[in-house]
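Enquirer: Input: one structure, supplied below.
The values are calculated or read from the model by the stated rules, or taken from the named source; none is laboratory data. Everything numeric in this text was worked out from a predicted model, so none of it was measured. Please note: Cβ atoms are built from the backbone with ideal geometry, for glycine as well, and neighbour counts cover all protein chains shown. These area figures cover heavy atoms from the full protein model, side chains too; ligands, DNA and RNA do not enter into them. Shrake-Rupley method; radii C 1.70, N 1.55, O 1.52, S 1.80 Å.
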Amino acid sequence: MNLTPEHAARFATATLAHLGREYPYKMDLVLAGPEDAKPPREHHPIFHGSFDWHSCVHGWWQVLRLARRFPDLPIAADIAARADDMLVPEKVAGELAYLERPYATGFERPYGWAWLLALHAEATSHDAPWAAALEPLAAAFAARFHAFLPKLTYPLRVGTHFNIAFALLLARDWAETRDPALVALIDARARDWFGGDRDCQAWEPGGDEFLSSALTEAHLMAVVLGGDFTGWFDAFLPRAVQQQPATLFTPATVSDRSDGKIAHLDGLNLSRAWSWRAIAAALGPAHPVAPVAEAAAQRHLDAALPHITGDYMGEHWLASFALLALDGLAD
């Protein structure tokens, strides 16, 4: 259940091709007038590939991370050359300009915000100018988190892009060495929203979800609570050692991988594998749920890994979640 050079080559080759594929493309755009009807690359000088903005962002995160983890990959030089061409200040300025549009306040909130921070964090690990170029964009999205989280009265528990726990996992990882005030805000909000949750019933998965509401929440709380996590988890999923609720331990069935929404369920299996592994590590090997969680992670990974490539509806984004499942978020 570890990332191999074979995985890396397979993922990076597919994703680098998608980063340059402009169509089909799903815009997140409110037209303010007829002048806004223009090709995606004119709105997004960097993130106009991989079907949509957020997939392009985390596709960049993925290929940069793979090139760093496996610098001897034949494709690593191509990744660096593409990054040198795309992750530059003048193109970042175009992305920033899009955020200043009058109807862009909720653009990619919170999923795309968080992935951009993850991309910036990864770029800082490279001896290249990419992180410096991306820094103004990262600062803009960090500022949006600062403004948004205090007014989000209720948590977003859905299993799709709006899930707040997933976004906070990525944002907190970025903020840990860069923005202590954002870390404190994230931790306070997580405790407010989730600290009292008990006996989760896990009414999931929904038919087009790629995140587990229950496990993503638990994953976030493992990071936020630290040594206090075990007590919280035992109350949150009190029958986990008996593999209940059973749905959390059972990989989702994907009936049609050409349907972009149904294909989300492959992502659910991958994100559950990531979260189960993180939960097991946080509980520690002596906790009775730890081996159960590790086994569940393996089942979910086995169900999804064969389907990372093959149909563009999944192929344009699934490798990023496979990388999370196999290698985690932070080094």
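Enquirer: Which ones in the range 163-181 are in contact with a helix residue (DSSP H, G or I) (Cβ under 7 Å, 6 or more places away or on another chain) and closer than 29 Å to residue 264 by Cα?
Expert: In the first step, residues of the range 163-181 are kept if they are in contact with a helix residue (DSSP H, G or I) (Cβ under 7 Å, 6 or more places away or on another chain); the result is 163, 165-176, 179.
Once the filter is applied, which keeps residues that are in contact with a helix residue (DSSP H, G or I) (Cβ under 7 Å, 6 or more places away or on another chain) and closer than 29 Å to residue 264 by Cα, the range 163-181 yields 163, 165, 166, 167, 168, 169, 170, 171, 172, 173, 174, 175.
Enquirer: May I ask you to say which residue of 128, 175 is open to solvent by less than 20 Å² (accessible area, probe 1.4 Å) and not basic (Lys, Arg)? Give the derivation first.
Expert: Numbers: 128 fails: open to solvent by less than 20 Å² (accessible area, probe 1.4 Å).
Sole residue among the options that is open to solvent by less than 20 Å² (accessible area, probe 1.4 Å) and not basic (Lys, Arg): 175.
Enquirer: Out of the helices (runs of 4 or more DSSP H) lying entirely within the range 264-331, which hold 3 or more residues that are touching a helix residue (DSSP H, G or I) at 6+ places or on another chain (Cβ under 7 Å) and under 26 Å from residue 231 (Cα atoms)?
Expert: Values: elements: 264-283, 289-304, 312-315, 318-327.
By residue number, 264-283, 289-304.
Enquirer: Still on this structure: Looking at (1) assigned to a loop (DSSP other than H, G, I, E, B); (2) at pLDDT 95 or above; (3) open to solvent by 10 Å² or more (accessible area, probe 1.4 Å); (4) farther than 20 Å from residue 138 by Cα, find the lone condition where residue 50 falls short.
Expert: Checking residue 50 against (1) assigned to a loop (DSSP other than H, G, I, E, B); (2) at pLDDT 95 or above; (3) open to solvent by 10 Å² or more (accessible area, probe 1.4 Å); (4) farther than 20 Å from residue 138 by Cα, the one that fails is (3).
Enquirer: How do the pairs read when you match residues in the range 184-202 that are closer than 13 Å to residue 153 by Cα with residues anywhere that are crowded, with 18+ Cβ neighbours inside 10 Å, using Cβ under 6 Å and keeping only pairs 6 or more apart or on different chains?
Expert: 189/149; 190/220; 190/224; 193/155; 194/217; 194/221
Enquirer: Taking the criterion of being more than 16 Å from the chain's Cα centre (by Cα), surrounded by fewer than 21 Cβ atoms within 10 Å (Cβ to Cβ) and assigned to a helix (DSSP H, G or I), would at least one residue in the range 150-157 satisfy it?
Expert: The initial filter retains those residues of the range 150-157 that are more than 16 Å from the chain's Cα centre (by Cα), namely 150-155.
Adding the requirement that they be surrounded by fewer than 21 Cβ atoms within 10 Å (Cβ to Cβ) leaves 150-155.
Going one step further and asking which of them are assigned to a helix (DSSP H, G or I), we end up with 150-151.
Yes.
Enquirer: Which count do you get for residues in the range 218-263 that are crowded, with 19+ Cβ neighbours inside 10 Å, of a type in the set (Gly, Ala, Ser) and assigned to a helix (DSSP H, G or I)?
Expert: Here the count works out to 3.
Enquirer: Going by the conditions given, is residue 193 out of contact with any helix residue (DSSP H, G or I) (no Cβ under 6 Å at 6 or more places or on another chain), part of a loop (DSSP other than H, G, I, E, B) and either under 25 Å from residue 111 (Cβ atoms) or of a type in the set (Asp, Glu) (or both)? Outline the logic, then answer.
Expert: Working: out of contact with any helix residue (DSSP H, G or I) (no Cβ under 6 Å at 6 or more places or on another chain): yes; part of a loop (DSSP other than H, G, I, E, B): no; either under 25 Å from residue 111 (Cβ atoms) or of a type in the set (Asp, Glu) (or both): yes.
When the stated conditions are applied, residue 193 does not pass them.
Enquirer: Failed condition for residue 160, given (1) of a type in the set (Val, Ile, Thr); (2) open to solvent by less than 60 Å² (accessible area, probe 1.4 Å); (3) free of Cβ contacts under 8 Å to residues at least 24 places away in the same chain, with all others met?
Expert: (3)
Enquirer: May I ask you to list the residues in the range 74-85 that are of a type in the set (A, V, I, L, M), in contact (Cβ under 8 Å) with a residue 60 or more places away in the chain and either open to solvent by 20 Å² or more (accessible area, probe 1.4 Å) or touching a Ser or Thr at 6+ places or on another chain (Cβ under 6 Å) (or both)?
Expert: Hit for the range 74-85 is 75, nothing else.
Enquirer: Given 59, 49, which one is in contact with a Pro (Cβ under 9 Å, 6 or more places away or on another chain) and under 30 Å from residue 102 (Cβ atoms)? Spell out the reasoning first.
Expert: Details: 59 fails: in contact with a Pro (Cβ under 9 Å, 6 or more places away or on another chain).
When all the criteria are applied, what remains is 49.
Enquirer: Which one of these is within 18 Å of the chain's Cα centre (by Cα) and open to solvent by 20 Å² or more (accessible area, probe 1.4 Å): 68, 109, 101?
Expert: Details: 68 fails: within 18 Å of the chain's Cα centre (by Cα); 101 fails: within 18 Å of the chain's Cα centre (by Cα).
Result of the check over 68, 109, 101: 109.
Enquirer: Same structure again: Filtering the range 86-97 down to residues that are in a helix (DSSP H, G or I) and open to solvent by 10 Å² or more (accessible area, probe 1.4 Å), which residue is nearest to residue 55 (Cα to Cα)? Steps first, please.
Expert: As a first pass, look at the range 86-97 and keep what is in a helix (DSSP H, G or I): 86, 89-97.
Subset that is open to solvent by 10 Å² or more (accessible area, probe 1.4 Å): 86, 89-91, 93-94, 96-97.
Working: 86: 16, 89: 21, 90: 21, 91: 18, 93: 20, 94: 18, 96: 18, 97: 20 Å.
Within the range 86-97, the match that is nearest to residue 55 (Cα to Cα) is 86.
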